[in-house]
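Inspection log for the structure reproduced underneath, given as structure tokens.
The values are calculated or read from the model by the stated rules, or taken from the named source; none is laboratory data. Please read these numbers as outputs of a predicted model, since none were measured by experiment. Cβ placement follows ideal geometry from the backbone for every residue including glycine, while neighbour counts extend to all protein chains displayed. Quick note on the areas: whole protein, heavy atoms, side chains included, nothing else; ligands and nucleic acids left out. Shrake-Rupley method; radii C 1.70, N 1.55, O 1.52, S 1.80 Å.
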Amino acid sequence: MNGWYAFTETSGGTSFEVKCVFFEDGMFIYHFNPAYFKETADKKNGFYSRGTQWGRYVLVGDTIKAQFIESPGGMSWSKGHIWFQIANRTSLKWLAFKYGDPIHVANIGQYQNRDMSIGSFTSAPAMPNADKAWIKSRSWFWCDIQKFKVWKQQRK
């Protein structure tokens, strides 16, 4: 499915939207910005290399466990962890969010500190190509170095 899940976060009387993208190959984008994608996708220091928080996700039962890292060259270079529960094909429930160390199920209550709506799916005709993400070209990102080498060879 081409598109993203949009969540509304409410904090101190202010609301803003958080968009998350899940790719079939396990890649993930946290805080996807469709306008930024459209404006900078073809630029050298644009969407694929700066300002996009790329990562991976795994599916464990009905829970999506994702992690992401901010692109190098910004103000910080932190990593985040986020869990979602699948409600149905077009809806996700935001379970937990944490910067730094991974989320542990025993402590999940302390990471549920955001007032988030149920995320609903929005389809889009044009979506990013996860193979162009800066993080995917780094060998340390891959769990299996042989798969990385095969992926790199196929891109030539």
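Accessible area per residue for segment 9-117 is 56 Å², calculated with a 1.4 Å probe on protein heavy atoms, without ligands, DNA or RNA. Surface composition of segment 1-120: carbon and sulfur atoms hold 50% of the protein heavy-atom accessible area at a 1.4 Å probe. What are the lysines whose alpha-carbon lies under 26 Å from the alpha-carbon of LYS38, with same-chain residues fewer than 8 places away excluded? Within the straight-line cut-off, LYS38 pairs with LYS19, LYS79, LYS132, LYS136, LYS152, LYS156. For segment 23-88, GluC sites (Glu not before Pro) meeting the loop criterion (DSSP other than H, G, I, E, B) and having at most 14 other Cβ atoms within 10 Å: GLU24. Classify segment 90-156 from the C-alpha gyration tensor, please: rounded if a/c falls under 1.5, else prolate or oblate depending on whether a/b exceeds b/c. Oblate, since a/c reaches 1.5 and b/c is not below a/b. In terms of its C-alpha gyration tensor, segment 1-41 has an oblate overall shape, because the principal axis ratio a/c (a ≥ b ≥ c, square roots of the eigenvalues) is not below 1.5 and a/b does not outweigh b/c. The separation of segment 48-69 from segment 87-156, counted between C-alpha centres, amounts to 1 Å. What do you get for the angle between helix 145-154 and the principal long axis of the chain? Use alpha-carbon atoms, 0 to 90 degrees, nearest ten. Between helix and principal axis, roughly 60 degrees. For a straight C-alpha distance cut-off of 14 angstrom, the aspartates and glutamates reachable from LYS149 (same-chain residues fewer than eight places away being disregarded) are ASP131. Enumerate by residue number the trypsin sites (Lys or Arg not before Pro) in segment 46-94 meeting two conditions: DSSP loop (anything except H, G, I, E, B), and at most 15 other Cβ atoms within 10 Å of the site's Cβ. The qualifying sites are ARG89. Shape analysis of the chain yields a ratio of the Cα radius of gyration to the Kirkwood radius, Rg/Rh, of 0.96. For segment 11-101, chymotrypsin sites (Phe, Trp or Tyr not before Pro) are listed when DSSP marks them as loop and at most 10 other Cβ atoms sit within 10 Å of their Cβ; the list is TRP77. Placing a label point 7 Å from the Cα of ASN88 along the Cα-to-Cβ line, no residue of segment 12-26 has its backbone N under 12 Å from it. In the chain, the DSSP-assigned H stretches of four residues or longer account for a calculated mean residue ellipticity at 222 nm of -3000 deg cm²/dmol, using -39500 (n - 2.57) per stretch and the full residue count as denominator.
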